[in-house]
Amino acid sequence: MNTQEAVLARARGGDEAAFRALTDPHQRELQVHCYRILGSLQDAEDAVQETMLSAWRALGDFEERSSLRSWLYRIATNRCLNMLRDSSRRERAVSADAIPDAPEPSRRAEPIWLQPFPDELLEGLPDRAPGPDTRYETKEAVGLAFVSGLQRMPPQQRAVLVLRDVLGYRAAEVAAMLATSEASVNSALQRARAALAAAPERPAGGTVPDSPAQRRLLGRFAEAFEAADVDAILGLLSEDAWIRMPPEPHEYTGRDAIGEFLRTRPLWSEGGRVRLVATRANGQPAFAYYMGDPQADLYRIEGIFVITLEGEEIAAITRFGEGGWLPWFGLPRTLPG
């Protein structure tokens, strides 16, 4: 009996430390996997915890026909699908007029339920796949364009695309994981790939991560934003840049539309104070933004901007309002004035 088999035997005998030794190395990648399917870091964490509980209870039924890692992925994927189908899982309604005094948007999108994912949780993540069919690198497949595209698909298509194109499982393996036919998997994959190709989000690209050119561009953006200099911000954007604010339906494209939108925001129209703090999310540069408290000499966090770059221009700004994702970023809720 080798070491892995000995640890598995102890875990089956009720040794929790042995079970953790088997499963802990997989928890981070399972969290990313669940985030891709669910679009929510909070829900992904819940799904991973439920996966570990299910695996602990069912360990005696693990027949070792596949690897332990694949077995955990099967449990996690089905847990995510159950969460998406659960009728008790209610998302808040989004009104078409959810943003006060906003100008007419360039497009009203279908709401997608999405949270940012901190890059710190990607550090040390193994970039591996069990098969040759992988189309995306592990970290590339956590980018906003990819994850946003997934959120517009039916649950089964999301799962199939991630299992096939990100993790590289064969169609027969995915069919076994999802208790369906290989033909159904291939059909779902074809539809999912077409949906992703048609998604309105544009992939990040262009500037090398953390390059001098990128740092200069982001520094100019932060200076312009803190100075409430809308014209300077617009000068950093590509001609067809976008501003998106999931789950709100308002989306603005082009410098004119974006400029009109920014000038209606209280920060610009009411002389508000703002501070930006650099961070990273979804493999992209980002800023947490803090608004000055009118009653106290401090700034309170309001949300995060995730920046999509193309060359030496900003191609998209995706804003997430402050929410349950904040603890994972390690960001303070307030800054001194």
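The values are calculated or read from the model by the stated rules, or taken from the named source; none is laboratory data. Just so it is clear, the structure is predicted and the values come from calculations on it, not from any experiment. Here Cβ is always computed from backbone atoms with ideal geometry, including for glycine, and neighbour counts include all displayed protein chains.
Details
- Qualifying residue in the range 206-219 (condition: surrounded by 13 or more Cβ atoms within 10 Å (Cβ to Cβ), at pLDDT 95 or above and under 19 Å from Leu276 (Cβ atoms)): yes
- In this structure, Glu239 qualifies as assigned to a strand (DSSP E or B) and either within 20 Å of the chain's Cα centre (by Cα) or acidic (Asp, Glu) (or both).
- The range 1-46: number of residues that are within 16 Å of Leu121 (Cα to Cα) and in contact (Cβ under 8 Å) with a residue 40 or more places away in the chain: 15
- Residue that is surrounded by the fewest Cβ atoms within 10 Å (Cβ to Cβ), among those in the range 319-337 that are part of a strand (DSSP E or B) and in contact with a Phe, Trp or Tyr (Cβ under 7 Å, 6 or more places away or on another chain): Thr334
- The residues on offer are Arg273, Arg300, and the sole one that is touching a Ser or Thr at 6+ places or on another chain (Cβ under 8 Å) and basic (Lys, Arg) is Arg300.
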